[in-house]
Every structure is written in structure tokens, then in C-alpha cells.
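The values are calculated or read from the model by the stated rules, or taken from the named source; none is laboratory data. Since we're looking at a predicted model, the values are computed, not measured. All Cβ positions, glycine included, derive from the backbone under ideal geometry; neighbour counts span all protein chains shown. With ligands, DNA and RNA removed, areas are computed over all heavy atoms of the protein, side chains included. Shrake-Rupley method; radii C 1.70, N 1.55, O 1.52, S 1.80 Å.
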Amino acid sequence: MKWILINLSCFAFYRYQAVKQFIDLCNNIGSTCSARRNISQTTAVKFLYARKFDIPRAVSLYEQHEQIRLKEGLYNIDPDIEPLYSELKTGKFTILPARDSSGAAIALFTANKHSPLNVTHTTTLQGIVYQLDCALQDTETQKAGLVFIYDMSGSKYSNFDYDLSQKILTLLKQTSRLYLKSVSKSINQLLASRRVQFPNRNN
């Protein structure tokens, strides 16, 4: 029992030191992180978990995460303001109440609910990021990860948006991989296909 308590105490101390170092590194002069917001301990822990408390890799992941958000306009998200409010009401993207057998959360993007001519990439991505941010407040999700499913069943040609699909996959692979456990094969197949010309949608 004493040995267990000692181990837990050592881990708590290491975690405290890792969180402090992560925040200090991100707030250094010239860091891409420092210009936009202070980093909370909760955020630090989220990224450290994603990289098994490898501090340099966690900092690198956070900076990629911030760069993508800045590029795509994914800051200052307010779910009560249009057009994001209506986008969320479509249920196009949702975090399911159930988890998989390993405890990972499950996120579902339903392609047949997407209308490229009626919504911008920025609004769609804001809806995704807002819900993912909420899901990641849960410590179980931080630890167990998240399964992302891109469901193309029942979709028509008018539902497809090649550029948006690329952005979603980039967002997940380059920034959201902190909680990404797996990506449905359907989205990879969609992006790999060169025989279908998908309609473009500019922001």
C-alpha cells in the first residue's frame, strides 16, 4: 500500500512538473502559442496525455493545433450566433452518447446532411471543433481517445465537398490527433478517389 502511494505521489509530482514546463515552453517569446491566449492546466494535460507526457512532442502538437485553428478561423466560437447555431442544429456532426469497447468517445459526421452550397467551410469546421472541444473536457476521452466516423451512406453527389473533406482530415491528423484513435476508412477512400470530381466550396 505504501509503495502504491509513493508511486502515485511521484506521478503527481512528475505531472505537475510536466504541465509547468509545457506552459512555460509555449509561452516563450516567439512561440506561436503566446500571441493568442493563456494556456490552462487542463489544456496542457490534454496535449501531454496525447503524447504520453513527452513534453517536446506535446508542445509541437499544440503549436500545429493553434496554427490550423488560426488559418481556418476557428477561434472565438459562439454556438448561439448564426450561422453556427443553425449548423449545430442540423446534427451533421455529433458526439454519440455511447463509447466503443475501449472507452473511446465516438464522433459521427453524416455526409448526407451536408449541403456545400448552403454553408461555408469555416462554419462547418467551427461546428466540429466546438463539439470536439466540449468532448475533450472529459478526462476519460482525453485518455481513451476518440473514434471519428465519416458516414457517406445515403449521400448524393450534391452532398460531397472534396475540399472540406481534405480540411477535416487535415484537422484531425495534424491537430486533433491528440484524441484521434481511428478514422473511418470511408473518408480516406473519399480523398483517395480521383475519378469523381467533387464540387468546390470557397469560404
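Points to keep in mind about this one:
- Carbon and sulfur %, accessible surface of the stretch 42-169 computed with the full protein complex present, 1.4 Å: 53 percent
- The stretch 51-133 shape via C-alpha gyration tensor axes, a/c threshold 1.5: oblate
- Under 12 Å, Cβ to Cβ, from Ile77 - net charge with Lys/Arg +1 and Asp/Glu -1: -4
- For the residue pairs Lys20/Lys52; Lys20/Lys46; Lys92/Lys156; Lys52/Lys92; Lys113/Lys156; Lys92/Lys143, the C-alpha atoms sit more than 20 angstrom apart in Lys52/Lys92; Lys92/Lys143.
- Between Tyr157 and Tyr16, the distance separating the two model label sites (each 7 Å from Cα on the Cα→Cβ line) works out to 6.4 nm.
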